[in-house]
Amino acid sequence: MPEWTAVRLAPRLYLFVMAEDGVLRRAAFGESAAALPPGFEKGCRNEEEPVLQQARRELEEYASGSRKRFEVPFELEGTHFQCEVWKALFEIPFGEVRTYGEMARALGRPGSARAVGAAAGRNPLPVIIPCHRLIGSGGALTGFSGGLEAKRTLLELEGAALPRS
């Protein structure tokens, strides 16, 4: 049975992470520890599960600025292309951004910026797989499962240079 924990990243920004069989499987955003995202059942919170303890510790370190890359074990399920995009997202350094077009070209698929965006939008582990580091070609913050304000908050937390809104 999947178990989960919630970690406060910033005011009104929580990340709920779910684990099963010793690896993280899914994450979702919420505005408070009490506002459960869909699929996170009230009775399944577990602060004692080792992988969830590691995730909590690493996410708290991330939120404080002392962690730049995650080491917690996770497993992703998706199409070959989605997994290719998620792996490339994992390699974007802390505090840096890439455009969807740059990511498409880096994957050897120029012209597939929209497909990269669609794959990023289906990222099951936001923050850990840093899809928030993708921006539009003009520098605009576009599409994010946690909302654009959450995306801006995460990028500001990382010290990324952002366009003024």
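Table for the structure above
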{"read-out": "Odd one out for Arg152, checked against (1) surrounded by 19 or more Cβ atoms within 10 Å (Cβ to Cβ); (2) not assigned by TED's automatic domain parsing to the domain that holds Leu13", "value": "(1)"}
{"read-out": "Filter result for Leu52 (touching a Ser or Thr at 6+ places or on another chain (Cβ under 7 Å) and farther than 18 Å from Pro124 by Cβ)", "value": "no"}
{"read-out": "Failed condition for Gln82, given (1) surrounded by fewer than 18 Cβ atoms within 10 Å (Cβ to Cβ); (2) in contact (Cβ under 8 Å) with a residue 24 or more places away in the chain", "value": "(1)"}
{"read-out": "Selection status of Arg25, among the basic types (Lys, Arg), touching a residue at least 60 places away in the same chain (Cβ under 8 Å) and surrounded by 13 or more Cβ atoms within 10 Å (Cβ to Cβ)", "value": "yes"}
{"read-out": "Set Ser165, Ser137: member being at pLDDT below 95, in a loop (DSSP other than H, G, I, E, B) and closer than 19 Å to Arg12 by Cβ", "value": "Ser165"}
{"read-out": "Selection count where residues are at pLDDT 95 or above, surrounded by 13 or more Cβ atoms within 10 Å (Cβ to Cβ) and out of contact with any Lys or Arg (no Cβ under 6 Å at 6 or more places or on another chain), scope the range 46-59", "value": "9"}
{"read-out": "Test: residue in the range 42-57 that is of a type in the set (Gly, Ala, Ser), outside the structural domain of Gly117 (by TED's automatic domain parsing), assigned to a helix (DSSP H, G or I) and out of contact with any Phe, Trp or Tyr (no Cβ under 6 Å at 6 or more places or on another chain)", "value": "yes"}
{"read-out": "Only one of Met18, Met1 that is touching a residue at least 12 places away in the same chain (Cβ under 8 Å) and within 17 Å of the chain's Cα centre (by Cα)", "value": "Met18"}
{"read-out": "Enumeration of residues in the range 70-101 that are outside any helix (DSSP H, G or I), charged (D, E, K, R) and out of contact with any Asp or Glu (no Cβ under 9 Å at 6 or more places or on another chain)", "value": "Glu77, Glu91, Arg98"}
{"read-out": "Any hit, the range 55-64, residues being of a type in the set (Gly, Ala, Ser), touching a strand residue (DSSP E or B) at 6+ places or on another chain (Cβ under 9 Å) and closer than 20 Å to Val23 by Cα", "value": "yes"}
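The values are calculated or read from the model by the stated rules, or taken from the named source; none is laboratory data. Everything numeric in this text was worked out from a predicted model, so none of it was measured. When we count neighbours, we look across all protein chains shown, and the Cβ atoms used for this are built from the backbone with ideal geometry, even at glycine.
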